[in-house]
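What follows is a short report on a single structure.
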Amino acid sequence: MAEKTIFQRIAANMPTTIQPRFVRKAREWFRDQAEQVKRVNQRKLFRNADHRTVTDIGYDAIGSMFFYTYDPKLKDKLPYYDMFPLVFPIEIYNDGWLGLNLHYLPPALRARLMDALYSITLKEKGGKQQVQASYELLKATRRFRYFKPCVKRYLADHVRSQIIFIEPKDWDMALLLPMQKFVKKSEDQVWKESESKI
């Protein structure tokens, strides 16, 4: 069976009341966005000098979006993991961070979680924008319920690439790029399991 396109996966999760013209407009928007990142792959993305990179994720990074290559310390014991996390750090530790890896949700649910996160996003003069989320807040409020399968602990010394800072204006595009790379299970298996945790 052929792998589903991102549009088929999104459509499978949409309520049946959505009008076909909305789906067409969403598809056109996505194609326009995808045209801007034509032939993007992980290696090319990490080599691209236009991206702002950071050497470490510290306290000032809480609520910003980052992308990197990751090799988990306990990968042999994990049932599966994402090699290319797309993460909002929500807590910082001496050896790493706790973050929301949005790749653990199918695209339609990523969009729902992102809509909820925008409601607690602080915009400052100068363009700085950060999600003001803590684990306690996310856990306590029903509108953030999609966060549960996304919470992952990352160790700084297991990051295997540059850490790419995603500009807030690019969050929506990064959200929909099919950059996840799950090891040990397919994305459909991971997403089905994630949906069962919500």
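Observations on the model:
- Some residue of the stretch 28-38 being among the polar types (S, T, N, Q), out of contact with any Leu (no Cβ under 6 Å at 6 or more places or on another chain) and at pLDDT 90 or above: no
- Test for Ile120: is it crowded, with 19+ Cβ neighbours inside 10 Å and among the β-branched types (Val, Ile, Thr): no
- The stretch 73-95, residues that are in contact (Cβ under 8 Å) with a residue 24 or more places away in the chain, over 17 Å from the mean Cα position of the chain (by Cα) and within 28 Å of Gln189 (Cα to Cα): Lys73, Lys75, Leu78, Pro79
- Scanning the stretch 156-198 for residues that are part of a loop (DSSP other than H, G, I, E, B), surrounded by 15 or more Cβ atoms within 10 Å (Cβ to Cβ) and either in contact with a Gly (Cβ under 8 Å, 6 or more places away or on another chain) or on the phi > 0 side of the Ramachandran plot (or both) yields no hits at all.
- Residue within the stretch 171-185 that is touching a residue at least 12 places away in the same chain (Cβ under 8 Å) and small (Gly, Ala, Ser) present: yes
- Output for the stretch 97-144, where each listed residue is outside any helix (DSSP H, G or I) and acidic (Asp, Glu): Glu124
- No other residue among Pro149, Pro106 is in contact (Cβ under 8 Å) with a residue 40 or more places away in the chain and more than 20 Å from Lys75 (Cβ to Cβ) apart from Pro106.
- Among the numbered conditions (1) more than 17 Å from the chain's Cα centre (by Cα); (2) in contact (Cβ under 8 Å) with a residue 60 or more places away in the chain, the only one that Glu136 does not meet is (2).
- Counted residues, the stretch 100-112 - those being closer than 10 Å to Phe147 by Cα and modelled with pLDDT of 95 or more: 5
The values are calculated or read from the model by the stated rules, or taken from the named source; none is laboratory data. In this text the structure is predicted, and so the values were computed from the model without any measurement. Cβ sites come from the backbone with ideal geometry, for glycine too, and all protein chains shown count toward neighbours.
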